[in-house]
Amino acid sequence: MERISKENYYLDIAQTVLERATCLRRVYGAIIVKNDEIIATGYNGAPRGRRNCVDMGYCTREALAVPRGERYELCRSVHAEANAIISAARRDMVGATLYLVGRNAQTGELLGDATSCSMCRRTIINAGIARVVIRRTPTEFEVVDVQDWVNGDDVPEIPGE
């Protein structure tokens, strides 16, 4: 019997974590690992004490036909990456790897285009996380060097500046 890679081992755990997510559009699971030890886990859902979209029976962004990647301030959820980071000490995250898996909430299909939003990327950078491993298929994944997100600063230039 062939053992699965460490990357797929941790991605499988992140995929289990997403089973707790409460979004009606896309569900994500994230885990932070350092020195082969799981530091924290996170999934997308409303802040503690607030109602989740699954409990309300609707998604505000969906109801307003907001395209993917826009108007995150209307979303009730704290993203999986942010929830994992909130649950960990920065000293434990410096140099760590964040594993991320996303699925379509309606179909259950893996999101081959899953990625962290710009707000989560900033949070990941500030946490000191070094790599993000994102599941693409049940066995394939992409490894992102967080330094590439630093170098590819996502702040648009102001015309005339």
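Of note:
- Against the test of being farther than 16 Å from VAL78 by Cα, of a type in the set (A, V, I, L, M, F, W, C) and in contact with a strand residue (DSSP E or B) (Cβ under 8 Å, 6 or more places away or on another chain), the options VAL33, VAL17, VAL27 yield a single qualifying residue, VAL33.
- Any pair with Cβ under 6 angstrom, 6 or more apart, that starts in the stretch 71-87 at a residue that is in contact (Cβ under 8 Å) with a residue 40 or more places away in the chain and ends at one that is surrounded by fewer than 24 Cβ atoms within 10 Å (Cβ to Cβ) and β-branched (Val, Ile, Thr): ALA82/THR123; ALA84/THR41; ILE85/THR123
- Inter-residue pairs, beta-carbon under 8 Å, first in a helix (DSSP H, G or I) and in the stretch 116-130, second loosely packed, with under 14 Cβ neighbours inside 10 Å and modelled with pLDDT of 95 or more, 6+ apart: ALA127/VAL94
- Condition met for THR97 (β-branched (Val, Ile, Thr) and open to solvent by 90 Å² or more (accessible area, probe 1.4 Å)): no
- The combined condition, being in a helix (DSSP H, G or I) and open to solvent by less than 60 Å² (accessible area, probe 1.4 Å), is not fulfilled by THR137.
- In the stretch 20-37, the residues that are more than 10 Å from ALA80 (Cβ to Cβ), in contact with a Phe, Trp or Tyr (Cβ under 8 Å, 6 or more places away or on another chain) and open to solvent by 60 Å² or more (accessible area, probe 1.4 Å): none
- When CYS53 is tested against (1) open to solvent by 40 Å² or more (accessible area, probe 1.4 Å); (2) at pLDDT below 90, exactly one condition is not met: (1).
- Counted residues, the stretch 77-104 - those being touching a helix residue (DSSP H, G or I) at 6+ places or on another chain (Cβ under 9 Å) and either part of a loop (DSSP other than H, G, I, E, B) or not β-branched (Val, Ile, Thr) (or both): 16
- Boolean, VAL17 is closer than 24 Å to VAL144 by Cβ, β-branched (Val, Ile, Thr) and in contact with a Gly (Cβ under 6 Å, 6 or more places away or on another chain): yes
The values are calculated or read from the model by the stated rules, or taken from the named source; none is laboratory data. Here the structure is a predicted model, which means the values were calculated and not measured. Because the Cβ atoms are built from the backbone with ideal geometry, glycine has one as well, and the counts that use them run over all protein chains shown. When the accessible area is computed, the model is the full protein with side chains, heavy atoms only, and any ligands, DNA or RNA have been set aside. Shrake-Rupley method; radii C 1.70, N 1.55, O 1.52, S 1.80 Å.
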